[in-house]
1. Restricting attention to region 24-39, which residues are aliphatic (A, V, I, L, M) and over 10 Å from His51 (Cβ atoms)?
2. Among the residues of region 24-33, is there at least one that is in a loop (DSSP other than H, G, I, E, B), at pLDDT 95 or above and open to solvent by 60 Å² or more (accessible area, probe 1.4 Å)?
3. Only residues that are in contact with a Leu (Cβ under 8 Å, 6 or more places away or on another chain), modelled with pLDDT under 95 and open to solvent by 70 Å² or more (accessible area, probe 1.4 Å): list them for region 34-61, please.
4. Please list, ordered by first then second residue, the pairs with beta carbon atoms under 7 Å, 6 or more apart or interchain, first in region 1-19 and under 15 Å from Ser60 (Cα atoms), second open to solvent by 80 Å² or more (accessible area, probe 1.4 Å) and part of a helix (DSSP H, G or I).
5. Confirm whether Ser2 is loosely packed, with under 12 Cβ neighbours inside 10 Å, in a helix (DSSP H, G or I) and modelled with pLDDT under 95.
Amino acid sequence: SSGVPSAEQMFGILLEDNDKILAGLTGGYKLAETAGEAGLSNFLQDLIDKHKKLAWMIKSTKGE
């Protein structure tokens, strides 16, 4: 074994990392909403939407 993950493992890693990013963005969004920072919360919501789409693409490519 060369230590290089398989394509299936790579997609799994991508999905796990994307989930971590989504969790951080969601936490930031909630804080921005609480602080009344509409511009920031809108910006973060756009990023959340993009990462949700990315998760869907990874899952569909991975075959889940």
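1. The answer is Leu31, Ala32, Ala35, Ala38.
2. No, region 24-33 contains no residue that is in a loop (DSSP other than H, G, I, E, B), at pLDDT 95 or above and open to solvent by 60 Å² or more (accessible area, probe 1.4 Å).
3. Hit for region 34-61 is Lys59, nothing else.
4. Correct list of pairs: Phe11/Thr61; Leu15/Lys59.
5. no
The values are calculated or read from the model by the stated rules, or taken from the named source; none is laboratory data. All of these numbers come straight from a predicted model, not from anything done at the bench. Using ideal geometry, Cβ is built from the backbone for each residue, glycine included, and neighbour counts are taken over all protein chains shown. Side chains included, ligands, DNA and RNA excluded: accessible areas come from the protein's heavy atoms. Shrake-Rupley method; radii C 1.70, N 1.55, O 1.52, S 1.80 Å.
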